[in-house]
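One structure is given here, and the rest of the page talks about it.
The values are calculated or read from the model by the stated rules, or taken from the named source; none is laboratory data. What you are looking at is a predicted structure, and each value in this text was computed from that prediction instead of being measured. Note: ideal-geometry Cβ built from the backbone for every residue, glycine included; neighbour counts use all protein chains shown.
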Amino acid sequence: MATEPVRKPEPTSFRPYVAADAVIPEFTARAVILGALLGIVFGAVTVYLALRAGLTVSASIPVAVLAISIFKWLGRSTILENNIVQTAGSAGESIAAGVVFTLPALIFLGYSLGVSDVPRVLLLALVGSVLGVLFMIPLRYQLNVVEHGALTYPEGTACADVLIAGEKGGSFAGKVFAGFGLGLVYKFLNEALLFWRPRPIYQPGWYPGATLAADVTPEYLGVGYIIGARTAGMIFAGGVLSWLVTIPMIKFFGAGLGAPIFPGTVLIRDMDSFAIWRAYIRPIGAGAVATAGLFTLGRTLPTIFRALRSTLHQLRKGQGGAEPVAAIRTERELPGTVVFGGSLAMILIVWAVLAFRINPGVSGNLVASILVVVFGFLFVTVSARIVGLIGASANPISGMTIATLMLTALLFVAAGWTSGAYPAVAISIGGIVCIAAAVGGATSQSLKSGFLVGATPRRAELAMIVGALTSVLVIGFTLVLLNRAYTRIEPLTLQNIEMTTEMRVVGQASQNEKSYQVINVIGSHAIPDGRYYYDPVDKRIDFQERVGIGSERLPAPQAVLMSTVINGILRRSLPWGLVLLGVFIVVVMELCGVRSLAFAVGSYLPIATTAPIFMGGVVSWLLQMITKRQEGEVSSGALFAAGLIAGGSIGGLILAALVGFEVDQKVAIGSKYWPGLAGSSVFGLLIFLGMAGALFAVGRKKLE
């Protein structure tokens, strides 16, 4: 057998669960296929969840639990096969997070998102995901082996514990399936059959502008439970500031004004709470999230420098004459030629996508490709280490992406590239880097789980690439499905509209047997941002196209934020007064010693999103007090909550299909036969509290 030159492992007392000299089934066809299928499912789930809440949770543990359960049904498997399944399956979640946080921003820049655009999303996602895996490979030894005691990898360690428990005979997949079933049935009864109100709401007349609301969905309850009481409370606190303080304040001081205030285009006294949120709170929240992301990134700068220094040291050490030895199984990984060659191929694809699909024939695409390499490797390094410190769910991917977009936009401004397709080029760079960072963190976590159970790194790296290649196939189509399902054409009459630089023609459309120009508006003082059907002859707007992604049903907060950053820098269209309010709110929070990112995200989201997340955090806190479990510990409640997320999100995708086929009103029997009960906010809230009670009851039980 040929040997391969590698470095000698540094001395360590750690011994994995499966010995390095053991030979058992690992990279089998059934493990790879099951991992790819679960990656597709959780990729679609994450697309839906990220569009609705702007949040994601790690899929490694539920995928590991499902792998153990399914293989027990099909016939006994090995722990290393189960590890391959969780590695490939976790790729879908991480890729979807990176895609949804960035690429839908192209919609807000005037680009379409139809079936014909799926190949563009697919290629950008493919490049980012493969780069994330390849850039992580030279970091694996340093992060997983050398710093074994220093980097705890909380979720990766918990996933390894689940795999080992499953190998020893633990049976706990029923908790995931129970949560999945409850979440799916609840979602169908609630939002398809409309047996009770999907969004209970209370707007007191004695406090104009104030709103309390909750999207009573299983996925939000599950997310709140998993992220914990403190983070959920911080998110809700941001929502309280926006919806119970800032909006009523704007309503109070603006009630007597006789003219609209930019970016609003109607009188404040004629705006409801949700219109004020869209016009004024979003820019404030954008400034808050961007600033909090930069604060979070700034705290990781020492980590960045240490990671880069140690990585370069390891690379020099590997090239500088380390004694060639035959690699033991647990040290075999993909060779440097694959890393270099694969990275070069991905860069060529980036250039081709930009040159032929987004920004034809412009030499700046070469600069963009170089920026992808530089920022990609930088933030994969950061992401891989941060996952080792705080876990994948808390990884500040959005902060890294904001930094990438700001630096890219400033470079473009310096070069004079501020018009045409350059905003889309900048978003594409940010999207690829965001996906690479998310996948790099997930790969780092999965490789750590493999290190603990005794997996072969090379096979785990291949499994991650296979999971990425299959997951990207469904993510673009899921985006298109959701966007199309919730897109609406609504009548809107605006006369004497002259085309300005803030209005751009992006296509043609026909409505009521009449042809229109489709115009995209960004930064106008006369018309709110959005898409409209414009009659250039009569100079009037007859219809507004309310795009599904970015609507109240799918607010896509991260993507809206990214487009806001790009437009603000390249097109100078930001309402800077509002943005600076958000900036200094975060500065105040940081001066008070509060980590501000969760708070800032909450200030940006609808309170209907943050309130049910907070309820999940409350259930987690109560159980932590009663059961004395540790934060992040794998428990019955965590597995049940993961099932709620999966079931609720799958139910949401089914509902989107019903809406897309225009049969949702036909199945909504609740609002037809008992409208009083189905429309009651109190009844809807009581049903939701019943589901929270079920989560509490399951969470009290011990895992067996």
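Output the number of the condition that GLY233 fails; it satisfies all remaining conditions of (1) touching a helix residue (DSSP H, G or I) at 6+ places or on another chain (Cβ under 9 Å); (2) at pLDDT below 90.
Unmet condition: (2).
Let me confirm something: among PHE236, PHE252, which residue is surrounded by fewer than 17 Cβ atoms within 10 Å (Cβ to Cβ), among the hydrophobic types (A, V, I, L, M, F, W, C) and either within 28 Å of SER636 (Cβ to Cβ) or touching a residue at least 40 places away in the same chain (Cβ under 8 Å) (or both)?
Values: PHE236 fails: surrounded by fewer than 17 Cβ atoms within 10 Å (Cβ to Cβ).
The conditions single out PHE252.
Out of all the residues in region 255-289, which are touching a Lys or Arg at 6+ places or on another chain (Cβ under 9 Å), surrounded by 17 or more Cβ atoms within 10 Å (Cβ to Cβ) and hydrophobic (A, V, I, L, M, F, W, C)?
Within region 255-289, ILE268, MET271, ILE276 qualify.
When you check VAL145 against the structure, is it within 24 Å of LEU462 (Cβ to Cβ), touching a residue at least 60 places away in the same chain (Cβ under 8 Å) and crowded, with 21+ Cβ neighbours inside 10 Å, yes or no?
Details: within 24 Å of LEU462 (Cβ to Cβ): yes; touching a residue at least 60 places away in the same chain (Cβ under 8 Å): yes; crowded, with 21+ Cβ neighbours inside 10 Å: no.
For VAL145, the condition - within 24 Å of LEU462 (Cβ to Cβ), touching a residue at least 60 places away in the same chain (Cβ under 8 Å) and crowded, with 21+ Cβ neighbours inside 10 Å - is not met.
Quick one: in region 336-391, of everything that is more than 20 Å from the chain's Cα centre (by Cα), of a type in the set (S, T, N, Q) and surrounded by 16 or more Cβ atoms within 10 Å (Cβ to Cβ), which residue is modelled with the lowest pLDDT?
Among those that are more than 20 Å from the chain's Cα centre (by Cα), of a type in the set (S, T, N, Q) and surrounded by 16 or more Cβ atoms within 10 Å (Cβ to Cβ), it is ASN359.
What is the number of the single condition among (1) without any contact (Cβ under 8 Å) to a residue 60 or more places away in the chain; (2) farther than 21 Å from GLY132 by Cβ that LEU66 does not meet?
Unmet condition: (1).
Just a yes or no: is a residue in region 125-138 at pLDDT 75 or above and over 30 Å from ALA559 (Cα atoms)? Please lay out each step first, then the result.
Step one: filter region 125-138 for residues at pLDDT 75 or above, giving 125-138.
Next, only the ones that are over 30 Å from ALA559 (Cα atoms) stay: 138.
Yes.
Residues being acidic (Asp, Glu) and at pLDDT below 75: count how many of those fall in region 310-335.
Within region 310-335, the first condition is being acidic (Asp, Glu), and the residues that meet it are 323, 331, 333.
Then keep just the ones that are at pLDDT below 75; that gives 323.
Of the residues in that region, 1 qualify.
Residue-by-condition table, conditions (1) more than 30 Å from THR231 (Cβ to Cβ); (2) of a type outside the set (Gly, Ala, Ser); (3) under 20 Å from the mean Cα position of the chain (by Cα); (4) at pLDDT 75 or above:
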site: ASP538; (1), (2), (3), (4): yes, yes, no, yes
site: PRO555; (1), (2), (3), (4): no, yes, yes, yes
site: LEU561; (1), (2), (3), (4): no, yes, yes, no
site: LEU570; (1), (2), (3), (4): yes, yes, no, no
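Among the numbered conditions (1) outside any helix (DSSP H, G or I); (2) of a type outside the set (A, V, I, L, M); (3) modelled with pLDDT under 75, tell me where SER116 comes up short.
(1)
Out of the helices (runs of 4 or more DSSP H) lying entirely within region 644-702, which hold 1 or more residues that are closer than 29 Å to THR627 by Cβ and among the β-branched types (Val, Ile, Thr)?
On the way: elements: 664-667, 670-673, 675-678, 681-699.
By residue number, 681-699.
Here is a yes/no grid of residues against (1) basic (Lys, Arg); (2) buried (at least 22 other Cβ atoms within 10 Å of the Cβ); (3) more than 22 Å from PHE236 (Cβ to Cβ):
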{"residue": "LEU622", "(1), (2), (3)": "no, no, no"}
{"residue": "ILE626", "(1), (2), (3)": "no, no, no"}
{"residue": "GLY637", "(1), (2), (3)": "no, yes, no"}
{"residue": "LEU653", "(1), (2), (3)": "no, no, yes"}
{"residue": "PRO675", "(1), (2), (3)": "no, no, yes"}
{"residue": "LEU689", "(1), (2), (3)": "no, no, no"}
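Out of contact with any Pro (no Cβ under 7 Å at 6 or more places or on another chain), in contact (Cβ under 8 Å) with a residue 40 or more places away in the chain and outside the structural domain of GLU167 (by TED's automatic domain parsing): is that true of ASN520 in this structure?
Yes: the conditions hold for ASN520.
Quick one: is ILE137 under 17 Å from the mean Cα position of the chain (by Cα) and either touching a residue at least 40 places away in the same chain (Cβ under 8 Å) or within 29 Å of VAL65 (Cβ to Cβ) (or both)?
No.
Starting from residues that are surrounded by fewer than 24 Cβ atoms within 10 Å (Cβ to Cβ) and within 18 Å of the chain's Cα centre (by Cα), keep the ones in region 440-475 and report whichever is modelled with the highest pLDDT.
VAL474
For VAL659, only one of the following conditions fails: (1) closer than 30 Å to ALA160 by Cα; (2) surrounded by fewer than 23 Cβ atoms within 10 Å (Cβ to Cβ); (3) at pLDDT below 80. What is its number?
Only one criterion in (1) closer than 30 Å to ALA160 by Cα; (2) surrounded by fewer than 23 Cβ atoms within 10 Å (Cβ to Cβ); (3) at pLDDT below 80 is unmet by VAL659, namely (1).
Looking at (1) of a type in the set (S, T, N, Q); (2) at pLDDT 80 or above; (3) surrounded by fewer than 24 Cβ atoms within 10 Å (Cβ to Cβ), find the lone condition where ASN83 falls short.
The number of the failed condition is (3).
Tell me whether region 547-557 contains one or more residues that are part of a helix (DSSP H, G or I) and either under 30 Å from LEU134 (Cα atoms) or polar (S, T, N, Q) (or both).
yes
This table checks each residue for (1) in contact (Cβ under 8 Å) with a residue 24 or more places away in the chain; (2) out of contact with any strand residue (DSSP E or B) (no Cβ under 9 Å at 6 or more places or on another chain); (3) under 23 Å from VAL121 (Cβ atoms).
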position	(1), (2), (3)
SER471	yes, yes, yes
VAL480	yes, yes, yes
THR501	no, yes, no
GLN511	yes, no, no
SER515	no, no, no
PRO536	yes, no, no
ARG540	yes, no, no
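Tally up the residues in region 96-128 that are more than 23 Å from SER649 (Cα to Cα), in contact with a Leu (Cβ under 9 Å, 6 or more places away or on another chain) and among the hydroxyl-bearing types (Ser, Thr, Tyr), please.
1
Considering only region 1-39, state which residues are among the acidic types (Asp, Glu) and modelled with pLDDT of 65 or more. Before you say what the answer is, go through the steps one by one.
Just the residues of region 1-39 that are among the acidic types (Asp, Glu), to begin with: 4, 10, 21, 26.
Residues satisfying the conditions are ASP21, GLU26.
When only residues in region 216-230 that are part of a loop (DSSP other than H, G, I, E, B) and farther than 10 Å from SER649 by Cβ count, which is farthest from the chain's Cα centre (by Cα)?
VAL216
Have a look at GLY92, GLY110, GLY43, GLY98 and point out the one that is within 30 Å of GLY239 (Cα to Cα), out of contact with any His (no Cβ under 8 Å at 6 or more places or on another chain) and not in a helix (DSSP H, G or I). Don't jump to the end; show me each part of the working.
Details: GLY92 fails: not in a helix (DSSP H, G or I); GLY43 fails: not in a helix (DSSP H, G or I); GLY98 fails: not in a helix (DSSP H, G or I).
Exactly one residue qualifies, and that residue is GLY110.
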